[in-house]
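Enquirer: Take a look at this one; I'll ask things after.
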Amino acid sequence: MHFDLLEITSAFVVLFAIIDALGSIPIVLSIKQKQRINPLTVVGASFGVMLGFLYAGDIVLSMFGVDIKSFAVAGSFVLFFMAMEMTLGIEIFKMDGPEKAASIVPLAFPLIAGPGSFTSLLSLRAEYQTINIIIALLLNMVFVYLVLVLTDKIEKFIGKGGIYILRKFFGIILLAIAVKLFATNIATFFNH
């Protein structure tokens, strides 16, 4: 077990950009108008699913004959497209889950714990210590909880323009992370 503040910070930023709790405020507000949301249920379900995937994801991958480095390269493409979606304002990933059980679907899954989060977690595992990823994930879940509890106040405070700017800013950071992830992991295929 090796705690590394730089790894925790890097993993936190990657997950923060992918989870995009601030960018999800408009979605949370529209769901709140139709149904009651339980922030603890959302956070608990999201954390449980992501933690399970962090530990069992490689087992699932091995069933398909895929290693973590290959998944990291594939994941860099998913991160790239998510970053493009955030920076260009286009919709690539559709959120078309059922409207019932809003605390689980679509909030906990797939909005918070979705394909991007899964890809990020396994991609991060290829480079960082698991304990540092878990700490970064926990910090993100605390932030998600605060956003869910304070959604109305956050929107009033930073406004739609502020949410828009944050989404673009983290989109660019995510784009750089996707490029780095691709470059780091693709090199292993050429070094054999």
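The values are calculated or read from the model by the stated rules, or taken from the named source; none is laboratory data. Keep in mind that this is a model prediction, so the values were computed, not measured. These area figures cover heavy atoms from the full protein model, side chains too; ligands, DNA and RNA do not enter into them. Shrake-Rupley method; radii C 1.70, N 1.55, O 1.52, S 1.80 Å.
Enquirer: So, in the chain, how many Lys pairs have Cα atoms under 15 Å apart, if the pair is 8 or more places apart or on different chains?
Expert: For the chain, the number of qualifying lysine pairs is 5.
Enquirer: Another question, if that's okay. Suppose we keep just the alpha-carbon trace of the stretch 132-188; what are its Rg and Dmax in angstrom?
Expert: Using the Cα atoms of the stretch 132-188, the pair Rg, Dmax is 15.4, 47 Å.
Enquirer: Filter the DSSP H helices in the chain by two things, a Kyte-Doolittle mean of at least -1.0 and an axial alpha-carbon span of 24 angstrom or more, and list the hits by number. Provide the component values of the computation, followed by the final result.
Expert: Working: long enough: 39-63 (34 Å, 1.57); 68-88 (29 Å, 1.56); 130-149 (28 Å, 2.56); 151-190 (51 Å, 1.00).
Helices passing the filter in the chain: 39-63, 68-88, 130-149, 151-190.
Enquirer: Additional query: I'd like the Kirkwood hydrodynamic radius of the chain, using the inverse of the mean 1/r over distinct C-alpha pairs, in Å.
Expert: Roughly 17.0 Å, rounded to one decimal.
Enquirer: Here is a follow-up. Please list the non-local residues whose amide H lies under 5 Å from the amide H of I37, H modeled 1.01 Å from N, same-chain partners needing a gap of 5 or more.
Expert: Result for I37 returns nothing.
Enquirer: Ignoring ligands, DNA and RNA, what percent of the accessible area of the chain is carbon or sulfur (1.4 Å)?
Expert: Of all accessible area on the chain, carbon and sulfur atoms account for 71 percent.
Enquirer: Leaving out ligands and nucleic acids, and using a 1.4 Å probe, what accessible area per residue does the chain come to in Å²?
Expert: That works out to 53 Å² per residue.
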